[in-house]
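Structure first, then comments.
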Amino acid sequence: KIRIISPSDGTFRLVMLSLAAMWKETLGVDVSVDSWEYQTFLEVRKNYSKWDILLHGWNADYSDPETFLGIFRSGDVNNDAGFQNNDFDTILDKAQSTSSRRDRLRLLRDAEALLLQCYAVAPLYFPVTRRLVKPWIHGGATSSMDHNYSKYFSIEGHK
């Protein structure tokens, strides 16, 4: 029997229910599913006795692989899985201290490979946002956190 938890957000809940159904049908695994309102979920995720699999997401707040890898560093407050690997931490430390972008990215690739080899982290999907913007709207810039503030928009050349 496997216990899987997620936030009650529509997408997370649908993915969780789909996984449970596929695992039951294909593998015969008995899966119990629980989802909570987000603030409650944030508390429950720290109680490892409540779950075997945690379904959650992470958005890049800056454009760099470390934003995803850093959450698996030993002791990181966002390391929900409790992953601890000294070699992984050492590679991340080396990547932070190198001045060569190429060497840094190579080290981060090594860290990612080690993470995937050592631990069952399974990137399932990458969300996509699409927008239709009239050609006379200017100033809007996309951001990695998908924050788009109207104060940056202007209307030009439209009657």
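The values are calculated or read from the model by the stated rules, or taken from the named source; none is laboratory data. Fair warning: this is a prediction, and the values are worked out from it, not measured in the lab. Ideal geometry is used to build each Cβ from the backbone, glycine not excepted, and the neighbour counts take in all protein chains shown. Note: accessible area is taken over every heavy atom of the protein model, side chains too, but ligands, DNA and RNA are not part of it. Shrake-Rupley method; radii C 1.70, N 1.55, O 1.52, S 1.80 Å.
Some values worked out for this structure:
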item: Sparsely packed chymotrypsin sites (Phe, Trp or Tyr not before Pro) within the stretch 58-159, loop by DSSP, other Cβ within 10 Å at most 10; result: 62, 125, 149
item: Qualifying trypsin sites (Lys or Arg not before Pro) for the stretch 93-142 [loop in DSSP, other Cβ within 10 Å: at most 13]; result: 130, 131
item: Anchor residue 134: lysines whose Cα lies under 17 Å away (excluding residues fewer than 8 positions away in-chain); result: 151, 159
item: In nm, spacing of pseudo-spin labels at residue 105 and residue 122 (7 Å Cα→C-beta vector); result: 3.0 nm
item: Accessible surface of the stretch 20-158, 1.4 Å probe, proportion on carbon and sulfur as whole %; result: 52 percent
item: Inter-label distance, nm, simple model (7 Å from Cα along the C-beta direction), residue 49/residue 79; result: 2.3 nm
item: Eligible lysines near residue 50 by straight Cα distance, threshold 22 Å, same-chain separation 8 or greater; result: 1, 24
item: Loop-resident sites, the stretch 65-159, for GluC sites (Glu not before Pro), counting at most 13 other Cβ within 10 Å (DSSP); result: 156
item: Residue-by-residue Karplus 3J(HN,Hα) for the stretch 73-88, coefficients 6.51, -1.76, 1.60, Hz, glycine and proline x; result: 5, 3, x, 5, 4, 9, 7, 4, 6, x, 5, 9, 8, 4, 5, 4
item: Accessible area expressed per residue, the chain, with surrounding protein chains retained (probe 1.4 Å, Å²); result: 71 Å²
item: Taking the stretch 99-159 and dividing mean pair separation by its residue count, relative contact order in percent (alpha carbons under 8 Å, at least six apart); result: 24 percent
item: Candidate values (1) 10.4; (2) 13.5; (3) 12.0, label of the one derived for mean projected area of the Cα convex hull in nm²; result: (2)
item: Relative contact order for the chain, counting Cα pairs under 8 Å that sit 6 or more residues apart, in percent; result: 16 percent
item: Separation in nanometres of the label points that stand 7 Å from Cα toward Cβ, at residue 63 and residue 141; result: 1.0 nm
